[in-house]
1. Multiplying the sequence separation of VAL121 and VAL164 by 0.36 nm and subtracting their Cα-Cα distance, what value in nm do you get?
2. How much length, in nm to one decimal, is gained on full extension between LEU74 and ILE256, taken as 0.36 nm per residue of separation minus their Cα-Cα distance?
3. Calculate, for GLN91 and ASP225, the FRET efficiency according to 1/(1 + (r/R0)^6) with r their C-beta to C-beta distance and R0 35 Å; round to the nearest 0.05.
4. Using a 1.4 angstrom probe, figure out how much accessible area region 133-255 has per residue, in square angstrom, rounded to the nearest whole.
5. How would HIS192, HIS75, HIS85 line up by accessible area, probe 1.4 Å, largest first?
6. Amide H of ARG204 versus every other amide H placed in the peptide plane: which residues, excluding those fewer than 5 positions away on the same chain, fall under 5 Å?
7. At 1.4 Å probe size, with the rest of the protein present, what percent of the exposed accessible area of region 115-197 is carbon and sulfur atoms?
8. Hey, what's the per residue convex hull volume over the C-alpha atoms of region 69-228, in cubic angstrom?
Amino acid sequence: MALFIVGIIILLIGVLTGRKASPFSPYARYLRLSGLGLGLIGLLSACFVQIGAGEIGVQVLYGSVQNNVLPSGLHFINPLVTVEHMDIKTQNYTMSAVRNEGNKEGDDAIRVLSADGLEVVIDLTVLYKVIPTAAPSILRETGIDYTDKIVRPLTRTKIRDNAVYYDAVSLFSTKRDEFQTRITKSIEDDFHQRGLLLEQILIRNISLPQAVKTSIEQKISAEQDAQKMQFVLQKEQQEAQRKRVEAQGIADYQRIISESLSDKQLQYESIKAQLEIAKSPNAKVIIMGKSNTPVILDTKGQ
């Protein structure tokens, strides 16, 4: 549109120069042709607009936002219309305690009070996008800076409102997924009413007060020591049981042996042994005592 205005100005200068005798009068015709050409080019260029991939165009005519939107591609429009390009791809807004990691400089984490009155620091990322049909309404009621006016304050408020239902340790451990689901449901309706689609809330980190961290670490350490001691006790019990079974086996063996061996059996076994010794070619002396138990002396080599 600026090129069209420049062309009109040059055309007017050419017309005025041609009507008056001046050193520039011979160039008046060229000025008029140049101005006319620039004006036509500017007019044609103002009648066409290209919308990039993942964007839509919202038309504004003299401050009035039009309801119809322009999808991606090349479009022929009213040259007096201004087109605002709006991103409809998935966007993310991160609030983090780590410097230069979030959308804002410095520490931008959300500090909330839990049900037990402790301050918990939450880092999170919001994934969202503009609903194409609601883009004119967003531009009309909120403006292009909807991230700072809707996404950021609404998310931080809902996080604080829902954190009070959980104690600090539960937020950090067992109730983390439940908390994430709760705030997602709480935020998505408000986003939708304002023309935004909430895709996901990602809780990146939850930081507890140092005193609570120390208490948790001590508790975990105590639980690990208790589990270790329980393992040792179980091992000792198993070893004691093994020894009882072994002792019982030995006792049963001795009982069976003692019950099965009689005096006659022992005498018979003794006679057999003596016969074997007697058959041996080695020199020997068998001395029988009163107990009938022989004493065998090997005299070989003497």
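1. Length difference between fully extended and current span is 14.2 nm.
2. 55.1 nm
3. 0.10
4. 66 Å²
5. The ranking, largest first, comes out as HIS192, HIS85, HIS75.
6. Answer set, sorted by chain and number: ASP123, LEU124, THR125.
7. Accessible surface attributable to carbon and sulfur in region 115-197 totals 48 percent.
8. Hull volume over Cα atoms, normalised by residue count, gives 140 Å³.
The values are calculated or read from the model by the stated rules, or taken from the named source; none is laboratory data. Computed from a predicted model, the values in this text were never measured in an experiment. For neighbour counting, all protein chains shown are included, and Cβ atoms are generated from backbone atoms with ideal geometry for every residue, glycine included. With ligands, DNA and RNA removed, areas are computed over all heavy atoms of the protein, side chains included. Shrake-Rupley method; radii C 1.70, N 1.55, O 1.52, S 1.80 Å.
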